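Comments concern the structure below.
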């Protein structure tokens, strides 16, 4: 598993998301579709981490990711029900879906000794982009209820990013045994 290759692919996807988000004039239903795909991807990656990690800190982080991103999906579903709306696919949600499948395959294939670092590297990149994307969507959505959901979810995503970065530093500490 080449972590630099994975990081490069994720950065390419991240730049695509920024370009799509600014140029395509996404609808609220497409924004919801993107948010759902992103949160589902975080849950799936967290579930793999729960099965594969040997470190308590990473296991705790992955459990939190599964629980809290699941909560965002539940809140989004409730919003959709109240509004009588359905999420819509877009170029971005389709690209995120493809990237998620690739990421999950890489996480399943990486060796046990490299898993934690690979998972955390992925999380830092994805969560950083998720925060930037949410910021863009907060500015561009026309639905006050969707904007409220995004504003309420944003601090959790920032906290997750901080946790992932801290865990990365722990793994990089001299003398840390994997």
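The values are calculated or read from the model by the stated rules, or taken from the named source; none is laboratory data. Nothing here was measured: the structure is a model prediction, and the numbers come from that model. Glycine also receives a Cβ, built like all others from the backbone with ideal geometry; neighbour counts cover every protein chain displayed.
Please indicate, with yes or no, whether at least one residue in the range 80-87 is free of Cβ contacts under 8 Å to residues at least 60 places away in the same chain and assigned to a helix (DSSP H, G or I).
There is at least one residue in the range 80-87 that is free of Cβ contacts under 8 Å to residues at least 60 places away in the same chain and assigned to a helix (DSSP H, G or I).
Here is a check on your reading of the model: is residue 158 more than 13 Å from residue 45 (Cα to Cα) and within 14 Å of the chain's Cα centre (by Cα)?
yes
Please find, among 122, 98, the residue that is under 20 Å from residue 43 (Cβ atoms), surrounded by fewer than 13 Cβ atoms within 10 Å (Cβ to Cβ) and touching a helix residue (DSSP H, G or I) at 6+ places or on another chain (Cβ under 9 Å).
98
Name the one entry in 170, 133 that is exposed (fewer than 15 other Cβ atoms within 10 Å of the Cβ) and touching a residue at least 60 places away in the same chain (Cβ under 8 Å).
After applying the criteria, what remains is 170.
From the list 115, 159, which one is modelled with pLDDT of 95 or more, buried (at least 18 other Cβ atoms within 10 Å of the Cβ) and outside any loop (DSSP other than H, G, I, E, B)?
115
What number goes with the only condition from (1) touching a helix residue (DSSP H, G or I) at 6+ places or on another chain (Cβ under 8 Å); (2) surrounded by fewer than 16 Cβ atoms within 10 Å (Cβ to Cβ); (3) assigned to a helix (DSSP H, G or I) that residue 139 does not pass?
Every listed condition holds for residue 139 apart from (1).
Being under 25 Å from residue 99 (Cβ atoms) and crowded, with 16+ Cβ neighbours inside 10 Å is the filter; apply it to the range 142-155 and report the residue that is farthest from the chain's Cα centre (by Cα).
Across the range 142-155, the extreme among qualifying residues is 146.
With the checklist (1) over 14 Å from the mean Cα position of the chain (by Cα); (2) within 25 Å of residue 32 (Cβ to Cβ); (3) free of Cβ contacts under 8 Å to residues at least 24 places away in the same chain in hand, flag the one item residue 71 doesn't pass.
Looking at each condition in turn, residue 71 falls short on (1).
Pick from the range 142-151 the residues that are in a helix (DSSP H, G or I) and in contact (Cβ under 8 Å) with a residue 12 or more places away in the chain: which of them is farthest from residue 28 (Cα to Cα)?
Going through the qualifying residues, I end up with 151.
Of all residues in the range 50-94, which are under 16 Å from residue 155 (Cα atoms) and out of contact with any helix residue (DSSP H, G or I) (no Cβ under 8 Å at 6 or more places or on another chain)?
67, 71
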